[in-house]
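Here is the structure we will look at.
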Amino acid sequence: MSAKPFLKIDHVDKIFPLGGGKEYVALRDVQLDIRENEIVSIIGHSGCGKSTILNLIAGLDTISNGTILLEDQHITAPGPERAVVFQNHSLLPWLSVYQNIEMAVRKVLGEDLSPSEIRDHVMKYIDMVNLDHAKDKYPGEISGGMKQRVGIARALSIEPKVLLMDEPFGALDSLTRANLQDHLMRIQMQTGNTVVIITHDVDEAVLLSDRVIMMTNGPEATIGEILEVNLPRPRNRLELQHNEEYLRCRGAIIEFLYSKFAKDDE
Amino acid sequence: MVPKYLNAVFLPLLLLGVVLGIWSYTAIKIPGFPTPSDVWRELLVVLSNPFYNNGAGDQGIALQLGNSLARVFGGFAIAIAVGVPVGLLIGMSKNAYTAFNPYIQILKPVSPLAWLPLALFVFKEVNTTAIFVIFITSIWPIIINTALGVRSVSEDYLNVARVLQLTPFERVFQIILPVAVPFIFTGMRLSLGIAWLVIVAAEMLTGGVGIGFWIWDEYNNLNYAHIIIGIILIGVIGYILDTLMGLIADFFDYRKRGLK
């Protein structure tokens, strides 16, 4: 593949000072090019710094050495072109589903849109995650899966260049998780977003991704292997069950996580 | 089995009977101590003409209570106007917290009445003095609870604000205040309760028209039944104030909304 890098992570280190002159090197020399419209997942054991990479791309954390470029622009601070779907959804509990999305749309796109356009825009994304019936409900009144769908709708509604997802389905039961994965794949086919997903779920990584980035264990974690998933879209989890390429990818990740970089204290 | 709602009426009435018994016994033992029936008769007299005004020294009970309430709300309002912004500041800025905290910790345990002579010297007028004392009473819980509310804003909400690039102004009004408001009202409710306690003592010292001085005046008039009436009315009004503040606090608490 020869497409130019859209999101470039260039020799990035992340070092946390521990006080008393000591420091913890979380990431060492991370190097990754992500193409436009690509879905990439980053997988690794806990403590491998995978969430740290996401925070660096989001700009929520500062880079110690190296650079991250999005369309040749240096990332130095958070911004709406890099929307984040947080693991615990982070909806504002005093706003309804509609208002949570409206607040983001108003802030990011508000200057270009009339009130009726804002309304239509918000409804388009509520519709995309099939939550029309719950638009006036408060986060405390809906299930965990529905909250995460609102979180995804909010992130997409501001039309980001990159969608960053930090273990987005980690807190959900497996049936709800499957449902949301299907939602995400369908939506990404429609919108063509570039997506970076942090996960620790092998099946999720293979099902969703064009490439799976496997992280070595920390400290000084870095990218161990990169796996291309050559499966056509749309993907169907039922059909993939016995698909050779699916099983090959799955096997390669399990081999990496539980043999090459096994971690026994988990 | 007695139904619950009957219990709710019956049990307090039973206790009332016990209290009236002890009270009557006390009235027999201490000559001149008003009996429950004395107080009941006097209460009807006092409440039958609550708004009479025979000049500064002799006014109806409603005017006495109204004057006290006006002082409480005056001092309370100023305390909110000063305390909420200060609380927001020290909740959001570590430096502001470091600067203010030692003084808050030292001044908070001082009885507000200790400020009264100083205030009287400065203002040379009882009404302003009483309002100032209520201000000093009310401000600490408001500052402390507002700051606590700001600090309890989850990191996740602040990250949402950062990704959306909210301005500091938008961050305060769209993220911090909605979380902090229930805490602010808790502080206001505490403050109002203490203010209503303190105003009685403050008025006993300053004089003038007000429920506190009214009680002290009736002591000097040897009218002990009126003292008991004062105690009961202060309690009833304090209860009403607290209930109203509770209702207002619930109205502004997002956690109590949308969860019917």
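The values are calculated or read from the model by the stated rules, or taken from the named source; none is laboratory data. Predicted model, so just to flag it, every value in this text is computed and none were measured. Because the Cβ atoms are built from the backbone with ideal geometry, glycine has one as well, and the counts that use them run over all protein chains shown. For accessibility, only protein heavy atoms count, side chains too; no ligands or nucleic acids. Shrake-Rupley method; radii C 1.70, N 1.55, O 1.52, S 1.80 Å.
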Can you run down the residue pairs with Cβ atoms below 8 Å, 6 or more apart or on separate chains, where the first is in the range A:71-87 and closer than 12 Å to residue B:163 by Cα and within 7 Å of chain B (Cβ to nearest Cβ) and the partner is open to solvent by 80 Å² or more (accessible area, probe 1.4 Å) and part of a loop (DSSP other than H, G, I, E, B)? A:78/B:165; A:79/B:165; A:80/B:165
Examine the range A:174-197 for a residue that is in contact (Cβ under 8 Å) with a residue 60 or more places away in the chain, small (Gly, Ala, Ser) and touching a strand residue (DSSP E or B) at 6+ places or on another chain (Cβ under 7 Å), and state whether such a residue exists. no
Conditions (1) surrounded by 23 or more Cβ atoms within 10 Å (Cβ to Cβ); (2) within 14 Å of another protein chain (Cβ to nearest Cβ); (3) aliphatic (A, V, I, L, M); number of the one not met by residue B:179: (1)
Test result for residue B:240, more than 14 Å from the chain's Cα centre (by Cα), assigned to a helix (DSSP H, G or I), at pLDDT 95 or above and away from every other protein chain (no Cβ under 14 Å): no
Can you pull out the residues in the range B:154-167 that are touching a helix residue (DSSP H, G or I) at 6+ places or on another chain (Cβ under 9 Å), more than 7 Å from every other protein chain (Cβ to nearest Cβ) and in a helix (DSSP H, G or I)? B:158, B:161
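Among the β-branched types (Val, Ile, Thr), outside the structural domain of residue B:176 (by TED's automatic domain parsing) and exposed (fewer than 12 other Cβ atoms within 10 Å of the Cβ): is that true of residue B:110 in this structure?
Values: among the β-branched types (Val, Ile, Thr): yes; outside the structural domain of residue B:176 (by TED's automatic domain parsing): no; exposed (fewer than 12 other Cβ atoms within 10 Å of the Cβ): yes.
Against the criterion (among the β-branched types (Val, Ile, Thr), outside the structural domain of residue B:176 (by TED's automatic domain parsing) and exposed (fewer than 12 other Cβ atoms within 10 Å of the Cβ)), residue B:110 does not qualify.
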So in the range B:186-222, with the set limited to residues that are touching a Pro at 6+ places or on another chain (Cβ under 6 Å) and surrounded by 20 or more Cβ atoms within 10 Å (Cβ to Cβ), which one is nearest to residue B:139 (Cα to Cα)? B:191
Does the range B:126-146 contain any residue that is buried (at least 23 other Cβ atoms within 10 Å of the Cβ) and small (Gly, Ala, Ser)? yes
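Would a scan of the range B:249-256 turn up a residue that is modelled with pLDDT under 95, assigned to a helix (DSSP H, G or I) and away from every other protein chain (no Cβ under 14 Å)?
Start the filter on the range B:249-256 by keeping residues that are modelled with pLDDT under 95, which leaves B:249-256.
If we keep only those that are assigned to a helix (DSSP H, G or I) too, we end up with B:249-251, B:254-256.
From what is left, the residues that are away from every other protein chain (no Cβ under 14 Å) are B:249.
Yes: the range B:249-256 contains one or more residues that are modelled with pLDDT under 95, assigned to a helix (DSSP H, G or I) and away from every other protein chain (no Cβ under 14 Å).
Any chance you could count how many residues in the range A:44-68 are open to solvent by 30 Å² or more (accessible area, probe 1.4 Å) and within 19 Å of residue A:32 (Cα to Cα)? Walk me through it before giving the result.
Of the residues in the range A:44-68, the ones open to solvent by 30 Å² or more (accessible area, probe 1.4 Å) are A:46-47, A:51, A:55, A:61-67.
Pick out the ones that are also within 19 Å of residue A:32 (Cα to Cα) and you get A:51, A:55, A:61-67.
Of the residues in that region, 9 qualify.
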